[in-house]
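The values are calculated or read from the model by the stated rules, or taken from the named source; none is laboratory data. No experiment lies behind these values; they were computed from the predicted model shown. Note: ideal-geometry Cβ built from the backbone for every residue, glycine included; neighbour counts use all protein chains shown. SASA here: full protein model, heavy atoms, side chains in, ligands and nucleic acids out. Shrake-Rupley method; radii C 1.70, N 1.55, O 1.52, S 1.80 Å.
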Amino acid sequence: MGNAESSHITLTLTINETGPHTAGSTITGTIYATIDEHAKKGINDLTLYLIGKEDVGVQKHASSSSSGDGGSSASTSHEKCDIVRMMIPITDTRSHTGMQRGQHTFPFQVRLPATLPSSMTSIREGSRSYAHIRYKIKVEARRDGKGKPIAKEEVPLVIVAKPPSNHVPTPTCIEPTSSDVRLFYFLPRGNISFTANVSDTSVGIGEAVEIGLGCKNESKTSIKFARASVMQKVSWCANSHHAEEKTDLVQGEFSLDDDTKTPRRGQIVGLPVETLDTLKNNDTFLKNNDTKITLEIPPYALHSYIGKLISIEHEVKLKVKTPFGSTSPKGKVNIRIVPPRQNAAVAGSSVQPSAPALDGQDPYW
């Protein structure tokens with residue numbers, strides 16, 4: 001793969017560990033360099049690279065006038081940026097002899113930075129828009145340490161972000177809200193007040209988040225159901241063009257009692273003062289009016305991430321559904337989805353890469 005046959009030099013790159021690899025762990029492997037008898041010169045420079053990139057594309061539509069054929073056309077804007085770029089010299093470029101004809105073996109180990117985000121792919125359905133976080137390890141051979149490589153080889157890596165350590169749950173709540181319910185956006189129907197507790201703002205893949213709902217119906221509109229969901233939004237940009245993909249990861253409905261669902265009969269008035277007072281104390285309100293559900297984060301959820309070109313955001317959304325034509329109160333709160341803590345890989349040895357990061361773009365990826 002990627003070797004220059006005319007140079008009579010062949011590189012092979014093997015990785016000992018089976019992926020995915022956890023950020024902060026150590027990757028070990030071997031580089032095999034073969035210089036056959038027809039090679040005019042040997043190799044003076046052999047270098048290993050660890051490269052990670054955000055790679056995005058956004059489909060953009062041209063107007064009928066610019067397409068030139070009376071219809072619309074579409075093209076894709078592409079952009080990439082580095083997440084990590086590390087260079088590890090394998091041979092000493094100061095050597096005048098270098099590697100001569102024959103077979104050469106170079107074991108290596110690379111410590112992955114602990115802050116790397118997880119590999120991911122998101123493709124906007126029905127378009128050519130895409131977002132990737134991709135990694136690879138690559139080796140290149142040069143005659144004198146300059147110019148284009150005369151041989152190269154690369155292996156893709158799948159990396160999983162490092163799970164949080166010593167995690168302490170951090171609960172949060174959807175702000176207590178008194179929502180004005182209207183019929184067809186005009187006729188006032190009273191108020192529905194609600195709030196919700198979320199057991200933790202950092203949840204791992206395969207772990208569960210508990211949501212407790214407090215709700216009072218002070219309106220003349222019935223409540224059909226109350227639902228909580230975990231929503232994922234992946235958004236990316238390429239040269240000022242934007243795309244996003246939303247996914248409803250998991251949802252569940254609360255079991256509301258008849259008193260909560262049933263509309264309040266009689267004269268329409270504002271929310272009673274005592275109800276507003278209980279909303280100010282969220283714990284008291286939930287204790288007296290709570291119902292709970294548990295939502296498990298599915299294995300296909302992506303890990304939360306904010307990068308230069310790609311962002312992956314998650315939130316718990318709450319909806320109190322009323323009949324057709326009436327306002328349905330809504331609320332939301334942000335959470336983070338992280339790698340499963342129980343599957344954290346143990347970092348290897350403390351060997352660090354022996355060279356600084358490189359600047360500029362990689363012409364080969």
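Before moving on, here are some points about what is shown:
- Unmet requirement for Leu213, which otherwise passes all of (1) open to solvent by less than 50 Å² (accessible area, probe 1.4 Å); (2) modelled with pLDDT of 85 or more; (3) not in a strand (DSSP E or B): (3)
- Among all positions in segment 193-215, there is no residue which is within 28 Å of Glu125 (Cβ to Cβ) and touching a Cys at 6+ places or on another chain (Cβ under 8 Å).
- Restricting segment 288-327 to residues that are surrounded by fewer than 18 Cβ atoms within 10 Å (Cβ to Cβ), assigned to a loop (DSSP other than H, G, I, E, B) and of a type in the set (Gly, Ala, Ser), the residue that is farthest from the chain's Cα centre (by Cα) is Gly325.
- Elements of the type strands (runs of 3 or more DSSP E) sitting completely within segment 1-119 and holding at least 3 residues that are modelled with pLDDT of 90 or more, among the polar types (S, T, N, Q) and in contact with a strand residue (DSSP E or B) (Cβ under 7 Å, 6 or more places away or on another chain): these cover 26-35.
- Restricting segment 111-145 to residues that are in contact (Cβ under 8 Å) with a residue 12 or more places away in the chain and farther than 21 Å from Lys53 by Cα, the residue that is surrounded by the fewest Cβ atoms within 10 Å (Cβ to Cβ): Glu125
- Considering the conditions (1) in a strand (DSSP E or B); (2) over 28 Å from Asn239 (Cβ atoms), Gly147 is excluded by exactly one of them, (1).
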